[in-house]
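Chemist: For reference, the structure I am asking about is given below.
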Amino acid sequence: MSSSINNQYVYDLDRQYVFHSWSTQGSLNPLVIAGGEGCTLWDYDGRRYLDFSSQLVNTNIGHQHPKVIAAIQAQAGELVTVAPATANLMRGEAAKRILARAPAGFAKVFFTNAGADANENAMRMARQYTGRDKILSAYRSYHGNTGAAIVATGDPRRVPNEYATGHKHFFNPYLYRSEFNASNEEEECERALQHLRRVIECEGPGAIAAILLESLPGTAGILVPPAGYMQGVRKLADEFGIVLIFDEVMAGFGRTGQWLALDNFGAVPDLIVFAKGVNSGYVPAGGVMISKAISEHFDHHFFPGGLTYSGHPLAMAAIVATLDAMSAEGMVENARMIGESALGPGLRALAARYPMIIGEVRGLGVFWALEFVTDPIQKTPMPAPRMQAMKAALTARGLLTFVVDNRIHVVPPCIVNAEQVNEALGIFDEVFKAVAHG
Ligand code: PLP
C-alpha cells in the first residue's frame, strides 16, 4: 500500500463519495480502520482498538483468521463464482456442516446473501407451506432491512418502511421493563405466553403462516427469554398449525456459548435463519435451515424464490473453513467459559459498583448488554447524547462497543481471552466512574 495512504486520506475519500446506512449523511464521523487480527483492529496512523463490538456482532472468529483467509484464497484460485442451479463442492460441504450443528430433524439449507433476505425467504417458505398470509413477530426485534424483513422487525426502524402487508406484532418477554406488570421471570413468561395466545386468537389462527422470533433478541437489548417461554411458543405454534421460525442471525454460531442460541432453551423451530457468525461475514452469506417436513413439501411443490449469488463459492468456502476452525479451536466452548468466568462476573461487578447508572446486566457467552439509566428506581433511560459521549470516551481509550439506545452491548469475538476482558473491564471502569460522578 502506498505510503501516501493515511487516516485523513481515507476519511476524506469516504466523506466525499460514500453514502452510509441508517444515517443523516451530513452528521457522520466514521472511524478509519486499516487492518485487524483476532480481537484487535488498527488504523493507518498506528492507533489500535480492542474490538468488543465484533463490528455488527458478526466477527465471531475474530479478524483475519488465517485458515479462513487461506480457504477464500484457494477457492478464488479455483472458481470464484458459479450459478446457484449447479452442484458445487463447497456449497454441499457448507450445508452439511451447518446441518450438523442444527437440532435433529433439519434436512436442507437454502443460501442467501445475508440475514434480511434469509428472513424474507423463511417467511416465503412458511407462506407457501401453509397457504396462509400473516406473520407474527415481536415488537422488540430486528430482522433486517429488506421489504418484509423490516416490517417484521418490531423496533421503530420499521415505521418509515411499512410497505409489506400481513405483519402483526406482539410483546416478547422483557422483565426489566415488563409490559405485563410482572414481578418475576415466571410471571413474565406466563403472561407473555397468554398475550401471544390472545394475539393469535384475535388475528385468526387460520390466517397465520408463521411466528418469527429471534431465539435471543439481540439489537433489541440481548433479552434472554425466561425459562419455558420458547417451549411455550413452540406449543402455541403446534396447537394452531403455525410455522415457527427462529432468527439466529445475531445469536447463532457461538455467540451465546452454544452453537445455536436455541440450544440454551430446549425449543426446536421449523425454520432457522442464520447469517453473520456462520462465516463471521468474511464473505457475505446467510440462509435458512429447513426442517424435514417443510423440505419434503418442496420436493413436490415449486419454490418461487432465488438469488443470483445463492451459495456463492467464496462465501461457502468461508463457511466451511469457519465452522471447521470453530470446532478445532474450541471457540464455542471458549465463548461459554469466558461468559461464565470473566465477562459476566466482570460486568456484574461494574453494575454493583455503579448502581446509579447501570440498571441491569444480562447476557450469555459473549453476548451481553448493560442498560444505562439516570434514575435506577424509575428506570429512566440514559439520554442519547450521554450514551454517545460514553461511546466516544470508550473509543478514545481504544475500546469498540456496540451502543444501541440506552445500552452498551458488550459483544467481543468468541476467541476473546481473559486478559482482553480484563483490559476492557478496566476501560469501562474508568469511563463509568466519570459518568457516575460527572
Ligand atoms: N436478523 C437479526 C436477528 C439481525 O440481528 C440482523 C442484523 O443485525 C438481521 C436479521 C439482518 O441481517 P443483515 O444485516 O445481514 O441483512
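Every read-out reported here was derived from the displayed coordinates using simple, explicitly stated rules and does not represent laboratory data. Every value quoted in this text rests on a predicted model; they were computed, and no experiment measured them. For neighbour counting, all protein chains shown are included, and Cβ atoms are generated from backbone atoms with ideal geometry for every residue, glycine included.
Chemist: Would you say GLU214 is within 16 Å of the ligand (Cβ to nearest atom), within 25 Å of the chain's Cα centre (by Cα) and among the charged types (D, E, K, R)?
Modeler: yes
Chemist: For the stretch 145-156, what are the residues that are within 7 Å of the ligand (Cβ to nearest atom) and farther than 12 Å from ALA118 by Cβ?
Modeler: ASN145, the sole residue that qualifies.
Chemist: Further question on the same structure: Can you tell me which residue in the stretch 7-51 is nearest to the ligand (Cβ to nearest atom), limited to those that are of a type in the set (S, T, N, Q) and assigned to a helix (DSSP H, G or I)?
Modeler: Restricting to residues being of a type in the set (S, T, N, Q) and assigned to a helix (DSSP H, G or I), the top hit is GLN25.
Chemist: Please go through the stretch 52-67 and give me each residue that is crowded, with 24+ Cβ neighbours inside 10 Å and more than 16 Å from the ligand (Cβ to nearest atom), ordered by number.
Modeler: PHE52, ILE61, HIS65
Matching residues to (1) buried (at least 24 other Cβ atoms within 10 Å of the Cβ); (2) more than 16 Å from the ligand (Cβ to nearest atom); (3) within 26 Å of the chain's Cα centre (by Cα); (4) closer than 21 Å to GLY144 by Cα:
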{"position": "HIS195", "(1), (2), (3), (4)": "no, yes, yes, no"}
{"position": "ARG198", "(1), (2), (3), (4)": "no, yes, no, no"}
{"position": "GLY206", "(1), (2), (3), (4)": "no, yes, no, no"}
{"position": "GLY218", "(1), (2), (3), (4)": "yes, no, yes, yes"}
{"position": "ALA227", "(1), (2), (3), (4)": "no, yes, yes, no"}
{"position": "GLY232", "(1), (2), (3), (4)": "no, yes, yes, no"}
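Chemist: Being crowded, with 22+ Cβ neighbours inside 10 Å, more than 15 Å from the ligand (Cβ to nearest atom) and of a type outside the set (Gly, Ala, Ser) is true for just one of PRO160, PRO103, PRO173. Which residue is that?
Modeler: Just one listed residue meets the conditions, PRO173.
Chemist: Another question, if that's okay. Would you please list the contacts, defined by Cβ atoms under 8 Å and residues six or more apart or on different chains, that run from a residue in the stretch 412-438 that is more than 15 Å from ALA349 (Cα to Cα) and free of Cβ contacts under 8 Å to residues at least 60 places away in the same chain to a residue that is part of a loop (DSSP other than H, G, I, E, B) and among the acidic types (Asp, Glu)?
Modeler: Partner pairs satisfying both residue conditions: none exist.
Chemist: Just a yes or no: is a residue in the stretch 198-210 in contact with a strand residue (DSSP E or B) (Cβ under 7 Å, 6 or more places away or on another chain), over 20 Å from ASN113 (Cα atoms) and basic (Lys, Arg)?
Modeler: Looking for residues that are in contact with a strand residue (DSSP E or B) (Cβ under 7 Å, 6 or more places away or on another chain), over 20 Å from ASN113 (Cα atoms) and basic (Lys, Arg), one finds none in the stretch 198-210, hence no.
Chemist: For the stretch 132-144, state whether one or more residues are aromatic (Phe, Trp, Tyr), within 15 Å of the ligand (Cβ to nearest atom), surrounded by 22 or more Cβ atoms within 10 Å (Cβ to Cβ) and over 20 Å from HIS297 (Cβ atoms).
Modeler: yes
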